[in-house]
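The values are calculated or read from the model by the stated rules, or taken from the named source; none is laboratory data. Remember, it's a predicted structure, so these values are computed and weren't measured experimentally. Positions of Cβ are backbone-derived with ideal geometry, glycine not excepted, and every protein chain shown enters the neighbour counts.
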Amino acid sequence: MTLPTMDRRVAVKKLLAARDGALVVTGLGSPSYDVHAAGDRNDNYYLWGAMGGAALIGLGLAQAQPQKRVMVVTGDGEQLMAFGSLATISVARPRNLDLIVLDNQHFGETGMQSSHTGRGIGFDKVAAACGFSETAELRSLEEVDTLCEKLRRPADGPRLFVLKITAENLPRSLPPRDAVEIKNRFRAHLGFASC
Amino acid sequence: MTASVQAKQPETTAVASAPAASEKQWPDQVYDVLKAAGISHMSYVPDAGHTTLIRLFGADPEVVTNVLTTEEEGIAIAAGAWLGGKRSVVLMQSSGVGNCINMLSLPVHARFPLLVLVTMRGEWAEFNPWQVPMGQATEASLKAIGLRVQRAETGDDLVETVAQAAAMAFDADQQVAVLIGQRLLGKKKW
């Protein structure tokens, strides 16, 4: 039986419309395109590489900005490369870090090869076992609406939500590739000097 | 990991390069230098040579610390900390440098300040042959991905090297690794 999935662009747009000041970090590939498609902003930090880095950049940012909420939007393949990060983040226990895993169960950027998450690995369960304060798997846009409300409320620790999305390659919405510029404008948004 | 190795015999083994009295305090001096450079964030995979720094930072309420499952996590975390306005330092052993290579494309390409302190193995009175390949490849690997690499072989030199490396990293936007020679750390006792 095929379980329901959701449209990734609509889901991400909902999350970003409700970001409420959250700082956003995106994993390489389609999650970066999804976030860019919802509107380019100075408080988005897009990755084009450094696979496995998104959640951990989010951790460092959350620790440096404890008064702001940080939302990482990444894919199942990118998060699989940072499996151990869930242990590191759980031990660090930030109260302002939410991981959103856009899970199409495939490596979409490289030819839609099947990933581990289509073969029984559930990041919500892994994160729960690591000690995240809240985790869930979502399969509908209605559940995303509920999640948007939940994300506004304070957390006791890091949270991770798996959004089961349709496996499809949508038209790319490309963020700037100048990583220095993206970094500097993000820091400027927080009032820090460029360099 | 080296820090958890149990002592199998009394520590009577002759030490190849016993540090002079003036060098025994270098870990404390490195901590002072890093604090003076504005470091308020630290990530690490433990190594015996980093024991004092890990303890001092861990006890410092002004410093956020993270224990890592693998060294490249610290590279990404340091970038995130910089995005958020904090200066971070990453501590690892030379064996961990190999784990970091692709993640280092982040600070190199995006020009994030980066300061990494690497305790060396596999290069001086090494007893474990498994440490030698990565130890010998450490400096070349770091240079190949684009880091500035500096070495120190004495305590005094290390303190000075870390101080100026912090300036290069955070004032000149460089990605700097300081290699702490195994000769300085002394022969491992076990």
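Just to check your reading of the model, which residue among B:Thr138, B:Thr119, B:Thr161 is touching a His at 6+ places or on another chain (Cβ under 7 Å), in contact (Cβ under 8 Å) with a residue 12 or more places away in the chain and crowded, with 17+ Cβ neighbours inside 10 Å? Residue meeting the stated conditions: B:Thr119. A residue that is within 20 Å of A:Met6 (Cβ to Cβ), modelled with pLDDT of 95 or more and out of contact with any helix residue (DSSP H, G or I) (no Cβ under 9 Å at 6 or more places or on another chain) can be found somewhere in the stretch A:126-141.
Answer yes or no as to whether B:Gly85 is under 30 Å from A:Pro66 (Cα atoms) and free of Cβ contacts under 8 Å to residues at least 12 places away in the same chain. Here the answer is yes, as B:Gly85 does meet what is asked. Within the stretch A:16-30, can one find any residue that is free of Cβ contacts under 8 Å to residues at least 12 places away in the same chain, among the small types (Gly, Ala, Ser), surrounded by 23 or more Cβ atoms within 10 Å (Cβ to Cβ) and at negative phi? No, the stretch A:16-30 contains no residue that is free of Cβ contacts under 8 Å to residues at least 12 places away in the same chain, among the small types (Gly, Ala, Ser), surrounded by 23 or more Cβ atoms within 10 Å (Cβ to Cβ) and at negative phi. Within the stretch A:105-120, identify whether any single residue is away from chain B (no Cβ under 11 Å), of a type in the set (Ser, Thr, Tyr) and touching a Gly at 6+ places or on another chain (Cβ under 7 Å), and answer yes or no. Yes, there is a match, as at least one residue in the stretch A:105-120 is away from chain B (no Cβ under 11 Å), of a type in the set (Ser, Thr, Tyr) and touching a Gly at 6+ places or on another chain (Cβ under 7 Å). Screening A:Ala136, A:Ala38, A:Ala129, A:Ala54 for residues that are buried (at least 18 other Cβ atoms within 10 Å of the Cβ), out of contact with any Gly (no Cβ under 9 Å at 6 or more places or on another chain) and without any contact (Cβ under 8 Å) to a residue 40 or more places away in the chain leaves exactly one candidate, A:Ala38. Here B:Leu117 meets the list (1) more than 8 Å from chain A (Cβ to nearest Cβ); (2) farther than 27 Å from A:Asn184 by Cβ almost entirely, failing just condition (2).
Could you identify the single residue in A:Ser114, A:Ser133, A:Ser90 that is touching a Cys at 6+ places or on another chain (Cβ under 6 Å) and among the polar types (S, T, N, Q)? Just one listed residue meets the conditions, A:Ser90.
Confirm whether B:Trp124 is farther than 20 Å from B:Gly74 by Cα, crowded, with 17+ Cβ neighbours inside 10 Å and either away from every other protein chain (no Cβ under 14 Å) or modelled with pLDDT under 95 (or both). Let's see the steps before the verdict.
Numbers: farther than 20 Å from B:Gly74 by Cα: yes; crowded, with 17+ Cβ neighbours inside 10 Å: yes; either away from every other protein chain (no Cβ under 14 Å) or modelled with pLDDT under 95 (or both): yes.
Yes; evaluated as a whole, the condition is true for this residue.
Of everything listed in (1) buried (at least 23 other Cβ atoms within 10 Å of the Cβ); (2) more than 13 Å from every other protein chain (Cβ to nearest Cβ); (3) within 21 Å of A:Val126 (Cα to Cα), the single unmet condition for A:Ser85 is (2). Across the stretch B:54-71, the qualifying residues are those that are under 25 Å from B:Leu184 (Cβ atoms) and surrounded by 23 or more Cβ atoms within 10 Å (Cβ to Cβ), and the one among them that is farthest from the other protein chains (Cβ to nearest Cβ) is B:Phe57. List the number of the failed condition for A:Ala136; all other conditions in (1) among the small types (Gly, Ala, Ser); (2) within 13 Å of chain B (Cβ to nearest Cβ); (3) out of contact with any Ser or Thr (no Cβ under 8 Å at 6 or more places or on another chain) hold. In the conditions (1) among the small types (Gly, Ala, Ser); (2) within 13 Å of chain B (Cβ to nearest Cβ); (3) out of contact with any Ser or Thr (no Cβ under 8 Å at 6 or more places or on another chain), A:Ala136 misses (2) alone.
Of all residues in the stretch A:166-192, exactly one satisfies the criterion of being β-branched (Val, Ile, Thr) and free of Cβ contacts under 8 Å to residues at least 60 places away in the same chain, namely A:Val180.
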